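Coordinate-derived values only; no laboratory data. Predicted, not measured: the structure shown is a model, and the values here were computed from it. Here the Cβ positions follow ideal geometry from the backbone for every residue, glycine too, while neighbour counts run over all protein chains shown.
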Amino acid sequence: QHILLYSEPSSPLQQSETAVDKLLLMAEYELPVVHSPGPQMGAVAPITMAGGLVMSLSEILSSVVVHQLKRPGAPFVFGAGIHHMDMKSVQICYASPEFQLTKAAIAELGRWYGMPTWGYAGCSDAKVLDEQAALEAMLSVVMAKFSGANLIHDVGYMESGLTGSYEMIVLTDELVALADHLTQGIEVSDGTTLVDELDRVGPGGHFLETDTTLKRYRDFWYPSLLDRRIRPQWLETGAKTLGQRLNERVLEIIQEHRPEPLAPERKQRVQEILAQAAD
């Protein structure tokens, strides 16, 4: 399946006729739907994180009831984006610590209910891809990875969801690879503690040419866009910033990537579903 619908209740504690129609349609055709509350604590949700979670949970569960009454077992993805309103700027926050905590709590609640979960990563309140954007993207990716949500969205969102950035999408791809490696942890076994090798090398030796080093040096994570070279090497190749490298990668993808088309039978099925929905 390549179709998933996103819709929202109308916080606080309302479902619009359009939203309910979407729930019923997706249930009828057994297509997955994310019906995710997106309230702002202090505006259309209680000011506390716990209060925002309670309200959002009630909106999610009421949506599940409507959806499952139409067709029991139809796919439903559990999720919510519980932001808060920054009272200085009067804007919702995509990168606040409160948002990271509530999205982790939603993932935990979804697991408790035994449902697939919806989360967020690779988004920022910054207006351009700057240091703030990179910091907030990393925080969101790591939190999404540790919280364990199944479906991650809003990658590339900037300016509190008002704009998007290709470069932010590419940066997030790099950060996801980093976070994947981070969460693998440390393997402790006879094959990794290497006590015998340590005895052989002894004090003052080196491990550059040991068999294990030659076999396992690729186990480390190597970035494709983050730069680890010394300054002279960096200067020799143009002294490009991360933002410049990201832009070059974006242009390369746009110019060279050729997406695989849908198989004819899948394309036909999509057209049939769209035609039925139009009727």
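Applying D = kT/(6 pi eta Rh) to the chain, where Rh is the Kirkwood radius over alpha-carbon pairs, T corresponds to 25 °C and eta to 0.890 mPa s, the Stokes-Einstein value obtained is 112 µm²/s.
Using 0.36 nm per residue and subtracting the Cα-Cα separation, the extra length available between ALA177 and GLU131 on full extension is 14.6 nm.
Simple point charges give the picture: +1 on the Cβ of Lys and Arg, -1 on the Cβ of Asp and Glu, and for region 151-273 a dipole about the Cα centre of about 360 debye. Between SER58 and ALA239, the modelled label-to-label distance comes to 6.0 nm, taking each label 7 Å out from Cα in the direction of the beta carbon. Exposure proxy for SER140, SER10: other Cβ atoms within 10 Å of each Cβ, ordered fewest to most, give SER10, SER140. The mean sequence distance of close C-alpha pairs (under 8 Å, at least 6 residues apart), as a share of the length of the chain, puts its relative contact order at 12 percent. Annotation: extensible slack from ILE230 through THR192 equals 10.7 nm (criterion: 0.36 nm per residue apart, minus Cα-Cα distance).
Let me know the shape class of region 180-246, please: from the alpha-carbon gyration tensor, a ≥ b ≥ c as square roots of the eigenvalues, rounded when a/c is under 1.5, otherwise prolate if a/b is greater than b/c, or oblate. Oblate shape, in that a/c is at least 1.5 and b/c is the bigger or equal ratio. Considering the options ILE254, PRO203, GLN184, tell which one lies farthest towards the positive end of the dipole of the chain, charges being +1 on Lys and Arg and -1 on Asp and Glu at the Cβ, about the Cα centre. Value: ILE254. Inverting the pair-averaged 1/r between distinct Cα atoms of region 148-215 gives 16.1 Å as its Kirkwood hydrodynamic radius.
Of all lysines in the structure, the ones whose alpha carbon falls short of 21 Å from that of LYS145, not counting any fewer than 8 places away in one chain, are LYS103.
Residue exposure proxy: MET26, MET158, MET87, MET49, ordered by other Cβ atoms within 10 angstrom of their Cβ from fewest to most, comes out as MET87, MET49, MET158, MET26. Dipole orientation for the chain: of the candidates SER62, PRO37, ILE230, SER62 has the Cα lying most toward the positive pole (charges on Cβ; Lys, Arg +1; Asp, Glu -1).
If you wrap the Cα atoms of region 45-135 in a convex hull and average its projected area over all directions, you get 6.9 nm². For region 58-114, chymotrypsin sites (Phe, Trp or Tyr not before Pro) meeting the loop criterion (DSSP other than H, G, I, E, B) and having at most 15 other Cβ atoms within 10 Å: TYR113.
For the chain, a crude dipole built from +1 on the beta carbon of Lys and Arg and -1 on the beta carbon of Asp and Glu, taken about the Cα centre, is about 200 debye to the nearest 20. Excluding same-chain neighbours fewer than eight residues apart, the lysines reachable from LYS240 by a Cα-Cα span under 26 Å are LYS127.
Taking 25 Å as the straight-line reach from the Cα of LYS70, the lysines in range (excluding those fewer than 8 positions away in the same chain) are LYS22. Legend: ranking of residues ARG218, ARG258, ARG269 from fewest to most surrounding C-beta atoms inside 10 Å; resulting order ARG258, ARG218, ARG269.
Give me the percent relative contact order of region 1-130, please, defined on Cα pairs under 8 angstrom at least 6 residues apart. Taking the mean separation of contacting Cα pairs over the length of region 1-130, I get 23 percent.
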